[in-house]
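The structure appears below as structure tokens.
The values are calculated or read from the model by the stated rules, or taken from the named source; none is laboratory data. Here the structure is a predicted model, which is why all the values come from computation and not from measurement. No Cβ is skipped: glycine too gets one built from the backbone with ideal geometry, and neighbour counts run over all protein chains shown. Remember, those area values only see protein heavy atoms, side chains included, never the ligands or the DNA or RNA. Shrake-Rupley method; radii C 1.70, N 1.55, O 1.52, S 1.80 Å.
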Protein chains: 2
Amino acid sequence: MGVHQLKIPPWLRGCLLLSALAFSAHAGSSQFPDAEASDPAALGWMIGSPPPADRILRFDDGSYFRFPQMRWSVANFRQLMPTVNVSRGLTQPSRLTRELRNDIDALTFVPLGGSAPMTWEQSLKANYTDGIIVLHRGNVAYERYFGVLRPEGQHGAMSVTKTFVGTLAALLVAEGTLDPKRTTAHYIPELAESAFGNATVRQLMDMTTGIRFSEDYANPDAEVWAHAAAGNPLPKPAGYQGPRTYYEFLATVGPEGEHGQAFHYRTANTDALGWVLARVTGRNVAQLLSERIWSRLGAEQDAYMSVDSIGTPFAGGGLNTGLRDLARFGEMVRNNGRYNNQQILPPEVVADIRRGASREHFAKADYPLLPGWSYRNMWWVTHNAHGAFMARGVHGQTLYIDPAAEMVIARFASHPVAGNAANDPTSLPAYEALAQHLMEIGRHTNPPPPSTPPPGASKSHAPGPRPG
Amino acid sequence: MGVHQLKIPPWLRGCLLLSALAFSAHAGSSQFPDAEASDPAALGWMIGSPPPADRILRFDDGSYFRFPQMRWSVANFRQLMPTVNVSRGLTQPSRLTRELRNDIDALTFVPLGGSAPMTWEQSLKANYTDGIIVLHRGNVAYERYFGVLRPEGQHGAMSVTKTFVGTLAALLVAEGTLDPKRTTAHYIPELAESAFGNATVRQLMDMTTGIRFSEDYANPDAEVWAHAAAGNPLPKPAGYQGPRTYYEFLATVGPEGEHGQAFHYRTANTDALGWVLARVTGRNVAQLLSERIWSRLGAEQDAYMSVDSIGTPFAGGGLNTGLRDLARFGEMVRNNGRYNNQQILPPEVVADIRRGASREHFAKADYPLLPGWSYRNMWWVTHNAHGAFMARGVHGQTLYIDPAAEMVIARFASHPVAGNAANDPTSLPAYEALAQHLMEIGRHTNPPPPSTPPPGASKSHAPGPRPG
């Protein structure tokens, strides 16, 4: 169901994106034009001097996030709203070696819940893919761009943002700067009266808080709308009485259930965690991400984040990155924190992510397509035979790491349905099939010889492949 | 006089920056706090989670551009408004060699209209410098940052933007894509009824059009306010009846005097020229700048431009760049268009800039501090003994190229007075003194040996220095 059909005032509709979410309900997408018919390059949004009136997209009236318009917007958010830079620093980009495989497009798999096989290439259209890259042993084995996304562009990572924030938190925990057993109120007294107050930092990090935060967009009274209104950087309408910033919103969140009993995917947890990180480090999450991760990866592009009216980066979903840089981040994590000749994350942070959290807590959230998974440090952990784990953002944003297959997949997409249950059936089994395929190849080829990579090269120091 | 003291509605004040200008009147700056007292890092704008209420800067109420607040804003425009990227591409940055000179700070000169000498270092404070870099023969001889600007940050280039647009136009003229003798209406029929209609492209490029465009901020009816309102990316207030985009504004501009008779510095000319470039190339000026210049320089950072509500980059003043990248652009021009192992501009474009335009036309504009200068392709040409030429932006933004001294100076500043007449007296003679100094050194040292630079190195292929 399109948000533009809801009875939500236009200025608020404009904020939908600002609340990246994961619908657990599975909505069909058959009522939407397909990938080709919705191709944003072919539709010519914002092209021309001036663009034709029916090809202009605006933030304030919400037109930018209707479908298929949003297929342009996800690759151009900064043209629609204020943003803050996540600097790559001024170093040389780390080198990504490139040896493309021509056997991936024809790979077949059976979609979840389906019976007829589908090819990898078909899945890209089914998922409204804007860009996808596959690293195998750190080498670029596959890379495609569609619509208006280019290698030198940036795309909204949506809730993949959360994974960066959770990883930064885990890094500070490992360093002893942040105590996960402390309450949120210990760090943020302003949240003492809110439902976050007596939740621990660990409960924020694993989203096991009991907070009232409905992301039911069909309900104009859902908290997600108040969250969006608070975070909207535009001037508030006359008579607006609600919270005016992300922080003010967080202070209004009330309790629902008990902390620590179940996984509840709630964007507000990440915003609260971002606040904790900012208070502890004196840096907002954009600065922290730049200093601790982005500038050390040898990223080839700056990333950026959307901000609220007082400059708070949207920790729950505001990050935009280049596709290859997202893959670099994944490759760093796959290599236990080592990349670009640096130990960027302590290995124990990655180990902690991979171990995951309580699968019992996760099961209570009822994701039929994600059986046996858990959620740790804002990563989705499959607990499958390969030990794969993921970052997931609404409309199909993905970072998928398969340690056994030595594979990293980064994907940006603009699927019309605002819930990953709509694209998981044609994504997850495709990733598993590709992992299997690469492992079979791996059995017949030697791992790359160990060598001292030149400065700036992206080759990792990780051990060779495991036995398949 | 501060704009916040004028009777201008707050939402319009917010656009002041969007109309970079050069006041010809020389306003004193003694009523403003000095560089130290106005240091934006010390004042702590936008620091904290959340920042204290009196340290929050907003676009929509104009607070971001009051003094001294604007000293933070000029280095953070993208946090305040939507912007479009000017991609550096994905190549390795070109290398800037570095051999700092420790004799520059103590260099003395006599300010224009003064009698007491001042040191180079003192001039930096007098001019509220945010960052300054000096290249001598392509080598970094001097580099300083102040306040909140960092090497990895970007700063508003204000009307230095015009110089990029004029240079792009000159490039298209040299390639035969753009005919400078054609009228504006030939390329943009929408401007046929405006004063631009029968002006030639050359008249736009050299700002000799006769158009009614007052940049008198003290007058609420001045066209500059209508321009600012049109370009403001925020939703228009209820009841607003004026033009809603830069393009719509341009169509309303009426005549004043005759074309081709005198130099009149009017921001609207550059916006009209940007429109012509967009129509001719099918690229907006941000895309064109990236494709034709920025991505070929080996820039180390993306640049960006502010945009209006339909995504039109502000050609008259919306560019933001890293300081070193601005210097790279200057070094490319100094080397007759060759840089980073590429001929980026045809040498005849640079020759045409250096020849300048009619000094008689320029004299009619009455800039007492710029005697004998001219304005060509949106560059300010000194016609001094060194053949120096400049890009100039309000509040002190500068790119100064001295071919005889083989010197390029790039400076970002946040001088409280919105007219370069306020900072020229302590800038222009300082640049001349440094040029003289470097030439004297040059007499005693050999030019760098000619060599084949490695790929990606920034060493130019230009001939050695001229005899001093």
- Query: Here is a list of conditions, (1) within 17 Å of B:Gly316 (Cβ to Cβ); (2) touching a residue at least 60 places away in the same chain (Cβ under 8 Å), and B:Ser290 meets all of them except one; can you say which number that is?
  - Reply: (1)
- Query: Out of the residues in region B:42-69 that are out of contact with any helix residue (DSSP H, G or I) (no Cβ under 7 Å at 6 or more places or on another chain) and more than 10 Å from chain A (Cβ to nearest Cβ), which is modelled with the lowest pLDDT?
  - Reply: B:Ser63
- Note on the structure: The condition of being modelled with pLDDT under 95 and of a type outside the set (Phe, Trp, Tyr) holds, among A:Ser19, A:Ser38, only for A:Ser19
- Item | Condition broken by B:Lys125, with the remaining ones in (1) away from chain A (no Cβ under 14 Å); (2) of a type in the set (Lys, Arg); (3) in a loop (DSSP other than H, G, I, E, B) satisfied | (3)
- Query: Which condition number does B:Ala418 fail, the rest of (1) at pLDDT 95 or above; (2) under 17 Å from the mean Cα position of the chain (by Cα); (3) open to solvent by less than 40 Å² (accessible area, probe 1.4 Å) being met?
  - Reply: (1)
- Can you give me the ranges of the strands (runs of 3 or more DSSP E) entirely in region B:292-391 with at least 3 residues that are within 14 Å of chain A (Cβ to nearest Cβ), under 22 Å from B:Thr270 (Cα atoms) and not acidic (Asp, Glu)? B:303-306
- For B:Arg182, work out the one condition from (1) closer than 21 Å to B:Leu289 by Cβ; (2) open to solvent by 30 Å² or more (accessible area, probe 1.4 Å) it doesn't fulfil. (1)
- Message: I need the full set of residues from region B:198-218 which are over 21 Å from B:Arg376 (Cα atoms) and out of contact with any helix residue (DSSP H, G or I) (no Cβ under 8 Å at 6 or more places or on another chain), in order please.
- Response: B:Ala218
- Counted residues in region B:301-310 being open to solvent by 10 Å² or more (accessible area, probe 1.4 Å) and out of contact with any Pro (no Cβ under 7 Å at 6 or more places or on another chain) come to 1
- Task: Determine if region A:189-205 includes at least one residue that is among the charged types (D, E, K, R) and more than 14 Å from chain B (Cβ to nearest Cβ).
- Result: yes
- Note on the structure: Filter region B:70-95 for residues that are of a type in the set (Lys, Arg) and not in a loop (DSSP other than H, G, I, E, B); the one that is farthest from the other protein chains (Cβ to nearest Cβ) is B:Arg71
- Failed criterion for A:Val224 (all others in (1) at pLDDT 95 or above; (2) open to solvent by less than 40 Å² (accessible area, probe 1.4 Å); (3) under 27 Å from A:Asp130 (Cα atoms) hold): (1)
- Query: Quick check: is even one residue across region B:258-268 open to solvent by less than 10 Å² (accessible area, probe 1.4 Å), among the polar types (S, T, N, Q), more than 14 Å from chain A (Cβ to nearest Cβ) and in contact (Cβ under 8 Å) with a residue 60 or more places away in the chain?
  - Reply: yes
- Query: Which members of region A:269-285 meet the condition of being in contact with a Gly (Cβ under 9 Å, 6 or more places away or on another chain), within 11 Å of another protein chain (Cβ to nearest Cβ) and within 19 Å of A:Trp379 (Cα to Cα)?
  - Reply: A:Gly274, A:Val285
- Message: If I ask for residues that are in contact (Cβ under 8 Å) with a residue 24 or more places away in the chain and either among the hydrophobic types (A, V, I, L, M, F, W, C) or open to solvent by less than 20 Å² (accessible area, probe 1.4 Å) (or both), which ones from region B:90-103 would you list?
- Response: B:Pro93, B:Ser94, B:Leu96, B:Leu100
- Query: Hey, does region A:204-212 have a residue that's more than 13 Å from A:Leu273 (Cα to Cα) and touching a residue at least 60 places away in the same chain (Cβ under 8 Å)?
  - Reply: no
- Task: Collect the residues in region B:272-300 that are of a type in the set (Gly, Ala, Ser), under 20 Å from A:Gln92 (Cα atoms) and open to solvent by 10 Å² or more (accessible area, probe 1.4 Å), keeping them in residue-number order.
- Result: B:Ser290, B:Ser295
- Please go through region B:128-166 and pick out each residue that is within 14 Å of another protein chain (Cβ to nearest Cβ) and open to solvent by 10 Å² or more (accessible area, probe 1.4 Å). B:Glu143, B:Tyr145, B:Val148, B:Arg150, B:Pro151, B:Glu152, B:Gly153, B:Gln154
- Would you pick out the residues in region B:219-257 that are more than 14 Å from chain A (Cβ to nearest Cβ) and on the phi > 0 side of the Ramachandran plot? B:Gly257
- Query: Given (1) farther than 24 Å from B:Gly44 by Cα; (2) buried (at least 23 other Cβ atoms within 10 Å of the Cβ), where does A:Pro255 come up short, assuming only one miss?
  - Reply: (2)
- Note on the structure: Residue hits (region B:367-405; open to solvent by 10 Å² or more (accessible area, probe 1.4 Å) and either aliphatic (A, V, I, L, M) or at pLDDT below 95 (or both)) are B:Leu369, B:Ala385, B:Ala404
